[in-house]
Amino acid sequence: MVMKAYSAEFKADAVALYLSDPNHTFDGIGKDLGVSRETLRNWVRAERKRTGAPAAGRGATRPSRPSGEVSSESVLGEENKQLRAQIRKLETEREILRRAAKYFGGRDELVSRFQFVDDHRDTVSVKWLCRILEVSRSGFYRWRASAPARAERARADRELAERIGVIHADSDGTYGSPRVTAELRDAGFEVNHKRVERVMREHGIVGVHLRKTVRTTVPAPDAAVVPDLIRRDFTASAPNTRYVGDITYLPIGDGQFLYLATVLDLHSKRLAGWSIAEHMRTELVTEALRAAASVRGPVGLDGAIFHSDNGAQYASTGFAEVCRELGVTRSRGAVGTSADNAAAESFNATLKRETLQGRKRWASAGEARAHVFRWVTRYNTRRRHSTLGQICPIDFEQQSATLATAA
């Protein structure tokens with residue numbers, strides 16, 4: 001605020017005018033002269049102090065204007081005193097804001113402001129701090145009164161973070177907040193998924209995220225036409241009725257690869273069969289299909305549909321013969337359309353994402369085989385699946401069998 005500068009003569013005349021009549025008021029004279037009530041009052045006080053005249057009480061008669069001029073030096077001195085006080089106040093406020101800026105550390109949140117007020121209330125008044133930081137005193141006192149509840153929540157969050165850390169480590173660092181929440185609820189902890197997400201974020205606990213994959217499909221130009229019996233409906237009403245499969249690469253060493261073929265049940269999402277080899281010949285996919293038939297027991301895959309892309313292995317005569325032998329009906333999507341086999345490609349992407357965990361390759365073929373074997377076993381028996389109500393595939397199949405028997 002810009003302060004007006006008044007000459008000594010003006011101040012002296014203003015004081016004399018006020019004192020000249022006991023009926024004069026600070027408001028009335030101040031309005032007439034264009035000065036504030038408090039400014040005029042301060043000038044009068046300074047003059048009375050200089051002359052030793054008592055302050056006018058209620059009903060007291062003001063002395064008439066003295067014959068001599070009012071001292072302008074005393075009025076000016078009082079004004080300088082007020083200005084110095086104002087300057088000290090502004091400097092103090094600036095220092096408070098400077099400290100606050102360092103205190104917030106770039107996170108100028110309401111809670112941070114309240115904390116700053118609480119930390120400095122012994123040296124500066126709460127009222128002043130709240131005014132400078134533009135927060136309400138009532139809000140500050142409410143925040144301070146809730147300190148015990150906040151401390152209890154913080155303690156509970158630390159305990160929850162410890163439990164989440166155990167679950168996250170047990171999943172090899174792959175679980176995000178949805179699966180962690182499901183694990184906690186299964187263990188008897190009633191917790192909201194948003195709280196789990198917040199605690200994981202605050203403690204830097206992160207699941208594995210998606211990353212782009214490299215396709216391994218090599219179309220067979222002379223392949224016989226096989227209809228698409230799935231038509232992007234990657235569901236099944238019962239286990240062992242509809243399967244999808246694909247081939248994916250497993251990077252090892254310096255530019256070397258292993259290859260993985262999969263057979264995935266669309267009802268339970270169970271990986272019923274799989275095969276790893278150093279080649280992509282037809283044997284890779286036929287071994288995976290035979291492994292799935294073996295898992296299903298005496299009934300095998302008889303009557304089931306197996307859907308794949310148009311890779312040369314799935315379009316080969318050898319694969320067609322194994323399908324006939326096992327009673328499997330073949331289904332293939334359109335050439336060059338990955339969406340027609342999205343379920344199988346999504347599974348392979350998840351497998352590599354959660355086994356590699358950001359690395360570009362495994363150190364050796366043995367390491368790759370061991371990691372895939374461990375993950376596949378955990379996937380079927382322990383890993384929670386969002387589309388299955390956060391239970392693992394084998395548990396889901398057992399529930400389905402129980403419901404079918406009860407019906």
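Say whether the condition of being at pLDDT 75 or above, outside any helix (DSSP H, G or I), within 30 Å of residue 314 (Cα to Cα) and touching a strand residue (DSSP E or B) at 6+ places or on another chain (Cβ under 9 Å) is met by at least one residue in the range 194-217.
The answer is no, given that none of the residues of the range 194-217 is at pLDDT 75 or above, outside any helix (DSSP H, G or I), within 30 Å of residue 314 (Cα to Cα) and touching a strand residue (DSSP E or B) at 6+ places or on another chain (Cβ under 9 Å).
I need the full set of residues from the range 14-38 which are in contact (Cβ under 8 Å) with a residue 24 or more places away in the chain and either part of a helix (DSSP H, G or I) or at positive phi (or both), in order please.
14, 15, 16, 18, 19
Could you identify the single residue in 320, 342, 363 that is closer than 25 Å to residue 176 by Cα and of a type in the set (A, V, I, L, M)?
On the way: 320 fails: closer than 25 Å to residue 176 by Cα; 363 fails: closer than 25 Å to residue 176 by Cα.
Going through 320, 342, 363 in turn, the sole match is 342.
What pairs come up if the first residue lies in the range 170-198 and is not assigned by the TED database to the domain that holds residue 352 and among the aromatic types (Phe, Trp, Tyr), the second is in a helix (DSSP H, G or I) and at pLDDT below 80, and their beta carbons are under 6 Å apart, counting only those six or more places apart or on different chains?
Qualifying pairs under 6 Å: 175/168.
Yes/no matrix, rows are residues, columns are (1) in contact with a Leu (Cβ under 6 Å, 6 or more places away or on another chain); (2) in a helix (DSSP H, G or I); (3) of a type in the set (Lys, Arg):
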position: 342; (1), (2), (3): no, yes, no
position: 366; (1), (2), (3): no, yes, no
position: 376; (1), (2), (3): yes, yes, no
position: 383; (1), (2), (3): no, no, yes
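Using beta carbons and a limit of 7 Å, which pairs, at least six apart or on different chains, have the first residue in the range 366-381 and in contact (Cβ under 8 Å) with a residue 12 or more places away in the chain and more than 17 Å from residue 173 (Cβ to Cβ) and the second one basic (Lys, Arg) and not in a helix (DSSP H, G or I)?
Every condition considered, the pairs that remain are 380/270.
Would you check if there is a residue in the range 327-335 being in a helix (DSSP H, G or I) and in contact (Cβ under 8 Å) with a residue 24 or more places away in the chain?
So far as the range 327-335 goes, no, none of its residues is in a helix (DSSP H, G or I) and in contact (Cβ under 8 Å) with a residue 24 or more places away in the chain.
Going by the structure shown, is residue 113 surrounded by 15 or more Cβ atoms within 10 Å (Cβ to Cβ), more than 60 Å from the chain's Cα centre (by Cα) and at pLDDT 65 or above?
No, not satisfied.
Condition check: surrounded by 13 or more Cβ atoms within 10 Å (Cβ to Cβ), modelled with pLDDT under 75 and under 30 Å from the mean Cα position of the chain (by Cα). Does residue 71 satisfy that? Write out each step before concluding.
Numbers: surrounded by 13 or more Cβ atoms within 10 Å (Cβ to Cβ): yes; modelled with pLDDT under 75: yes; under 30 Å from the mean Cα position of the chain (by Cα): no.
The answer is no for residue 71.
Scan the range 262-304 residue by residue and report those that are in a strand (DSSP E or B), surrounded by fewer than 22 Cβ atoms within 10 Å (Cβ to Cβ) and among the hydroxyl-bearing types (Ser, Thr, Tyr).
275
The values are calculated or read from the model by the stated rules, or taken from the named source; none is laboratory data. Everything numeric here is computed off the predicted structure, so don't read it as measured data. Every residue, glycine among them, receives a Cβ derived from its backbone with ideal geometry; neighbour counts consider all protein chains shown.
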